[in-house]
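To keep things clear, I will list the structure first and then write my remarks on it.
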């Protein structure tokens, strides 16, 4: 099917409702080329390689204005035996690739403050490209064997599939994307926020949890709020979404209405949870915008979808 | 954390916006018990076993009114060595379990018409319970080995985790839930529907596809509509969601506005795609309600979230 790269690259910018981090990639994923080994080889011969240190980003030196950007090499220069991932076609028409790390020890945990300081300075479309590469490369590094029979697997379709090499099994495996519900919960004009033990002091954020097999999104929201805070909800509305590459989540942001305010905290998940007034949330977000700490609490970081959920609620969204 | 089973079981019925098949389970998943082997053993000793034939449901004989229901046995009666899944606590307070099939050859394909005729007669809460059991049991049957190192894995946390038995690896694995976007696409009062080659004759339904790593939901909708039909969209709105246990999808139903009507079909995915008028869609759904074939096309089945997307559009939802 013929397609215009420029048209395709414009797609995503217009449909994401808010400027959430890790969305807004300008790469055309060009699914129709993934099954075409010759086209992929031709693209790789002159294509760019998104350089990573394991799964961490590698950056170019800052330009004269101090702007950072992702470092690229040539896809043709990787060692023989390195698995290459076809990320798509860049706005300049060149193929974009990444390499699977040689060890599976790459972390699946969220990055620390040092990495976040780097990521915060990347342009949004580069952050989105890096996030996709990190999720996909991490999945390959952790899936070199067949979960069904234990035999080695081999990369296929430009990195969007792995196939079991055991002739008697031949299972096909696909990259994981794990849906997570994350929700602002309101009761009589106040918002429920909680603290995980790993948070920095005074940081509060929205509750969240993985969607389980057999649940609609709305059911997962109700279950998580009940499990973590002992609060029941009567209505759940979708707000926005975000790809979250630590390691491969799809954050699905919702707003829920609680039927009561009394909290029973699950202390294995949360250190504390409290209701905050509209003024407290507004002050915390305004303080964060100025690079300061809020009075009642420290708001979630701007790269988190929780930031957008708080903003949506302050803007009057239900 | 103390909790009322009755309260918890009522949760899900009130928050799912539409009566979508496979949602509305009345089982309390009781996450707080999954890490408690003694509590699970006590529940299993007098708990119920949701009987399955591989991954297919086993039904009791119809009662005097012809109603069908799932067949249950006793969890304590399974063979030694059978892996038991803790599905949660039933409204009567008893634990509910299912067994992992001994072979991994259980199908990952959607069931055929014969199975659908059976499923269509189950009460909604039983269909939801069966769907969760099928997704979870199928995942275990296909994940007896560690994708990271190839060693055998062992069930943990009542079936909500598997752990690698290789001391040098120790990777933890979690059940998959694969997010899928499925979308009604509108242009000047007409709706875009397509035919997959495997559909029965004259059946048309909404386009759909898996969300990929590095995409927001809205971006996945735009990419799929572009890939499959060559149409760009300018706005995407969430409508509803559905757990879909073939094998473990989370269907995320959206509505999108197309910027033009010209179609370029990806014939590897679709046999045909066309724009249908409001009258044609209304007639096809009314015909389906009467058990008849629509004039312009045959509507998607009621158990599919596509049915609800068409209904939402006819009701004036955007």
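Any read-out appearing in this document is the output of simple, stated calculations on the displayed coordinates, not a laboratory observation. All values reported here derive from a predicted model rather than from experimental measurement. Here Cβ is always computed from backbone atoms with ideal geometry, including for glycine, and neighbour counts include all displayed protein chains.
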So if I take the centroid of the Cα atoms in the range B:276-315 and the same for the range B:150-192, what is the distance between those two points in Å?
31 Å
Among DSSP bridges having both ends in chain A, what percentage is antiparallel? Round to the nearest 5.
80 percent
Going by average Cβ density within 10 Å per residue, which order do the peptides B:58-70, B:129-141, B:281-293 take, highest to lowest?
B:129-141, B:281-293, B:58-70
Among beta bridges that DSSP assigns inside the range B:178-314, antiparallel share in %, nearest 5:
70 percent
Partner shielding of B:234-244, as the mean number of partner chain Cβ atoms within 10 Å, equals 5
Subtracting the Cα-Cα distance of residue B:314 and residue B:82 from 0.36 nm times their residue separation yields 78.7 nm
If you count, for each residue, the other Cβ atoms within 10 Å and average over each peptide, how do A:159-166, B:177-184 line up from highest to lowest?
B:177-184, A:159-166
Taking the Cα atoms only, what angle lies between the long axis of helix A:278-289 and the longest principal axis of chain A, rounded to 10 degrees?
40 degrees
In degrees rounded to 10, the 0-90 angle between helix A:217-229 Cα long axis and the longest Cα principal axis of chain A is 50 degrees
How big, in percent, is the set of alpha carbon pairs in the range B:12-157 lying more than 19 Å apart?
56 percent
Förster radius 60 Å - calculated FRET efficiency between residue A:272 and residue B:295, Cβ distance, rounded to 0.05:
0.50
Would you work out if the range B:84-174 is rounded, prolate or oblate? Take a ≥ b ≥ c from the square roots of the eigenvalues of the alpha-carbon gyration tensor; rounded if a/c is under 1.5, else prolate when a/b is larger than b/c, oblate otherwise.
oblate
Over all pairs of distinct alpha carbons, what does the Kirkwood formula give as the hydrodynamic radius of the protein assembly as shown, in Å?
25.7 Å
Rounded to two decimals, what is the ratio between the C-alpha radius of gyration of chain B and 2.2 N^0.38 Å?
1.09
Whole-number value, in Å³ per residue, for the convex hull of the alpha carbons of the range B:128-248 is 157 Å³
Can you figure out the FRET efficiency of residue B:38 with residue B:198, using R₀ = 60 Å and their beta-carbon distance, to the nearest 0.05?
0.80
0 to 90° range, to nearest 10: angle between helix B:5-15 axis and chain B longest Cα axis:
10 degrees
What FRET efficiency would be calculated for the residue pair residue A:46, residue B:172, taking the C-beta separation as r and a Förster radius of 35 Å, to the nearest 0.05?
0.30
Please compute P(r) over all alpha-carbon pairs of the range B:191-271, binned at 5 Å starting from zero, and give each bin as a whole-number percent.
3, 14, 23, 26, 22, 10, 2, 0
Mind checking B:138-150 for the average number of partner chain beta-carbons within 10 Å of each residue's beta-carbon?
5
Inter-label distance, nm, simple model (7 Å from Cα along the C-beta direction), residue A:117/residue B:94:
6.0 nm
Evaluate peptide B:217-229: per residue, the Cβ atoms of other protein chains within 10 Å of its Cβ; return the mean as an integer.
6
